[in-house]
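Since the structure comes first, as structure tokens, the remarks are kept for the end.
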């Protein structure tokens, strides 16, 4: 399909990134257990009877902390908030726009369709590297819709969904993924 040397480099980068993702998964698990654990150091009484020990309403872990106010998401415009590090996606956006134009000009051309799928995959990969997982998931899904045999897009889609499952969160449904975070360019002085 392309340059064999480039494919070897891509496989090596993918293998390294998979190792980093595994370490990140372990770190997220560890950090989650620390974050979501109760911050109270008081001993817990064990109730051995069948009657409830208290008549109180269950509290979430935030209520155990120093503030009894739930955190607010200031970055959310809908069901899914954007997260990760903003990056400049302009070169990926241009590649996608060019590939979409070529695919619309020749809808039956499988090469144009594959090129568009690859353009979505490449932006998704860049978004994954910047930890914009929900946005990347949308690009991987778009790539797979155009090219269901795109193995790397399928692999990354599975890994991102696995991260959501590990965190016991529902991943965005198809079409609900947020757009990439816009890169804020510093103001000129």
Sole miss for residue 178 among (1) outside any helix (DSSP H, G or I); (2) exposed (fewer than 14 other Cβ atoms within 10 Å of the Cβ) is condition (2)
Just to be sure before I move on: is residue 173 at pLDDT 95 or above, surrounded by fewer than 17 Cβ atoms within 10 Å (Cβ to Cβ) and under 19 Å from the mean Cα position of the chain (by Cα) in the structure I sent? no
Given (1) surrounded by fewer than 21 Cβ atoms within 10 Å (Cβ to Cβ); (2) more than 25 Å from residue 18 (Cβ to Cβ), residue 116 misses just (1)
* For residue 126, state whether it is in a helix (DSSP H, G or I) and either out of contact with any strand residue (DSSP E or B) (no Cβ under 8 Å at 6 or more places or on another chain) or under 12 Å from residue 181 (Cα atoms) (or both). => yes
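The values are calculated or read from the model by the stated rules, or taken from the named source; none is laboratory data. No experiment lies behind these values; they were computed from the predicted model shown. Cβ coordinates were reconstructed from backbone atoms using ideal geometry, including for glycine residues, and neighbour counts include every protein chain displayed.
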